[in-house]
Amino acid sequence: MNKYYSRAAIDHFLHPRNSRAMSDATGVGSAVNKAGDTVRFYTRVDGGVIAAASFEAQGCAATIAAASVATELVLGKAPAEVLGWNVEVLSTALGGLPQFKVERAVVALSALHASLGATAA
């Protein structure tokens with residue numbers, strides 16, 4: 001195992017889930033951080049819950065892993081609930097992220113929130 005990343009984080013980085021554009025998204029949000037990591041997040045809300053999520057990203061392992069795990073965590077959740085999340089939700093789901101990489105995962109959360117109609121992460 002890597003000294004900085006958990007098995008879950010490495011798996012999401014090497015095998016990202018739902019990494020693709022979504023043609024029937026009801027929301028699309030993008031974010032870029034000062035390091036140049038970029039994430040575009042797609043969500044489809046149906047019946048008041050998030051029915052589908054996907055992303056496109058360029059960035060470090062923490063950025064890609066956070067976006068990947070977010071696509072799994074949001075399914076079946078109400079947008080209002082997800083808009084209340086902070087980056088610790090994603091970090092915890094990944095088995096923790098190194099403190100110096102948490103900020104790199106914020107870009108994924110910002111793009112997710114933007115896709116749901118909010119820009120604050």
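Mind checking whether some residue in the stretch 31-44 is among the small types (Gly, Ala, Ser) and either under 14 Å from residue 116 (Cβ atoms) or touching a Cys at 6+ places or on another chain (Cβ under 9 Å) (or both)? Yes: one or more hits.
Those residues that are at pLDDT below 95 and more than 11 Å from the chain's Cα centre (by Cα), I need them from the stretch 105-120; list them, please. Steps first, answer last, please.
The first filter runs over the stretch 105-120 and keeps only residues at pLDDT below 95, leaving 105, 117-120.
Within the stretch 105-120, 117, 118, 119, 120 qualify.
Taking the listed residues 62, 31, 53, 25, the one that is touching a residue at least 24 places away in the same chain (Cβ under 8 Å), in a helix (DSSP H, G or I) and under 15 Å from residue 111 (Cβ atoms) is 62, with no other qualifying. One residue is enough: does the stretch 37-48 have a residue meeting the conditions surrounded by 18 or more Cβ atoms within 10 Å (Cβ to Cβ), assigned to a loop (DSSP other than H, G, I, E, B) and modelled with pLDDT of 95 or more? Within the stretch 37-48, one or more residues are surrounded by 18 or more Cβ atoms within 10 Å (Cβ to Cβ), assigned to a loop (DSSP other than H, G, I, E, B) and modelled with pLDDT of 95 or more. Under the condition of being assigned to a helix (DSSP H, G or I), among the β-branched types (Val, Ile, Thr) and either in contact with a Lys or Arg (Cβ under 6 Å, 6 or more places away or on another chain) or exposed (fewer than 15 other Cβ atoms within 10 Å of the Cβ) (or both), the residues counted in the stretch 79-121 number 1.
The values are calculated or read from the model by the stated rules, or taken from the named source; none is laboratory data. Predicted, not measured: the structure shown is a model, and the values here were computed from it. Using ideal geometry, Cβ is built from the backbone for each residue, glycine included, and neighbour counts are taken over all protein chains shown.
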